[in-house]
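Reviewing the structure listed below.
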Ligand code: OSB
Ligand code: MG
């Protein structure tokens, strides 16, 4: 295949509920969608998971647009591509900027699946008919609201409840939630809000029988996480710190984690995500698929990836209606009794809803 045209759109979608983590609150999700067209007119879709501001990692919506426009699109346009794995190889001369790379790589995976007349799941080698789904719950204004939101998520059937914690909103929250819901699989995500100086506090989390604690320490650290893991019974899960297979190897060799959260955007695309998955499987480290409050396009990629065998823990893939009045795919992502039925259609399996996409579009640009 050859990519002959790329369209980038800046979308703005209002979340039904503001999402608060240790690093701030998101109410309007602004992000980029990328539409790639090949020489036969096939269309593939990708989503940039970078936020407006660099608080999760260093990338932003504008930085991903700039890197795509000035560096990545010129590498890809009109070049013969036999397999999407070649895309990340051709980006090797460009350091980091994983989310930018992943945006166009995802669209090329979509087109590649269409050339094979297969679903994205099939071309990735996934096998599941349905995947288990957990939910990530932001920090709520009061403890009563926190309990109520978790209770609703449990009633909705989610297989695992993740709650965000931060200094001052941690042990008290987990204790209260455990008192209310003693048997529910539960975990905490700190988004890098602590340091090793907080080790005595973090050790108290061992009381609550959590499936894991996600990214307690710095966004760029694995050494301190290894020191922490040695003192915790609860498995540490790395999110922000893992950008590549190499990071994964080093983290596992150091004993920095017992679990890895794989996010396609954070690791530079589906090919690298699959390499990390395979490596973790060989080394007995379970993985699950994280979320970035994506629209349905990004979710479709996550769902396909989650069908790989070592995704043995529920992912952060709550249904469309949890986030949006209207998502931008058809059908929307539906979660039933904690499962998503994986679409079997060719490509990403869901149809982009152009009317909705246009309504949410702030600006766009075509590259040929
Ligand atoms: O750390 O996993 C995270 C959302 C934005 C940024 C970082 C994270 C999250 C989530 C939400 O936890 C997952 C989702 O529902 O998409
Ligand atoms: Mg996280």
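Please treat every number below as a calculation from the coordinates, not as lab data. Because the structure is a prediction, the values reported are computed rather than measured. Here Cβ is always computed from backbone atoms with ideal geometry, including for glycine, and neighbour counts include all displayed protein chains.
Pull out the extension gain between residue 220 and residue 351, defined as 0.36 nm times the separation in residues minus the alpha carbon to alpha carbon distance; nm, one decimal. Show your work: numbers first, answer last.
Values: separation 131, 0.36 × 131 = 47.16 nm, distance 3.66 nm.
Taking residue 220 through residue 351 to full extension adds about 43.5 nm, to one decimal.
Across the chain, Cα-Cα distances exceeding 40 Å account for 9% of all pairs. Remark: spin-label model distance residue 78-residue 122 equals 3.3 nm, labels positioned 7 Å along the Cα→Cβ axis.
Run a plain Debye calculation on segment 96-236 (Cα atoms as equal point scatterers, no solvent) and give log10 I(q)/I(0) at q = 0.18, 0.20, 0.21 Å⁻¹, rounded to two decimals, same order as the q list. Debye output, listed in q order: -1.01, -1.10, -1.15.
Principal-axis analysis of the Cα atoms of the chain puts helix 270-282 at an angle of about 40° to the longest axis.
Round to the nearest 0.05 the FRET efficiency obtained for residue 14 and residue 200 when R0 = 30 Å and r is the Cβ-Cβ distance. E between residue 14 and residue 200, to the nearest 0.05, is 0.15. Projected label points at residue 332 and residue 253, each 7 Å from Cα along the beta carbon direction, are separated by 4.7 nanometres.
What's the exposure ranking of 368, 95, going from fewest to most Cβ atoms within 10 Å?
Values: 368 11, 95 7.
Listing 368, 95 from fewest to most nearby Cβ atoms yields 95, 368.
Between 311, 19, 181, the residue with the greatest mean-square fluctuation in the GNM of the chain (Cα pairs under 10 Å linked by springs) is 181.
The length gained by stretching the chain between residue 92 and residue 43 to full extension, at 0.36 nm per residue less their Cα-Cα distance, is 15.2 nm.
In the Gaussian network model of the chain, springs joining C-alpha atoms below 10 Å, which of 25, 211, 103 carries the largest mean-square fluctuation? The residue with the greatest mean-square fluctuation here is 25. Take the Cβ atoms of residue 143 and residue 55, set R0 to 22 Å, and the FRET efficiency comes out at 0.35.
Stretching the chain fully between residue 155 and residue 63 yields a gain of 29.2 nm (0.36 nm per residue, less the alpha carbon separation). Here residue 130 and residue 4 are evaluated by their C-beta separation; at R0 = 41 Å the FRET efficiency comes out at 0.65. Ordered by the count of other Cβ atoms within 10 Å of each Cβ, fewest first, 23, 31, 51 give 23, 51, 31.
If you rank 346, 362, 87 by fewest surrounding Cβ atoms within 10 Å, what's the result?
Working: 346 18, 362 9, 87 27.
Lowest count first: 362, 346, 87.
Note: relative contact order over the chain, using C-alpha pairs below 8 Å and six or more positions apart, is 22 percent. Considering only 47, 336, 179, give the residue with the highest GNM mean-square fluctuation for the chain, with springs between Cα atoms whenever their separation is below 10 Å. Most flexible of the set in this elastic network: 179.
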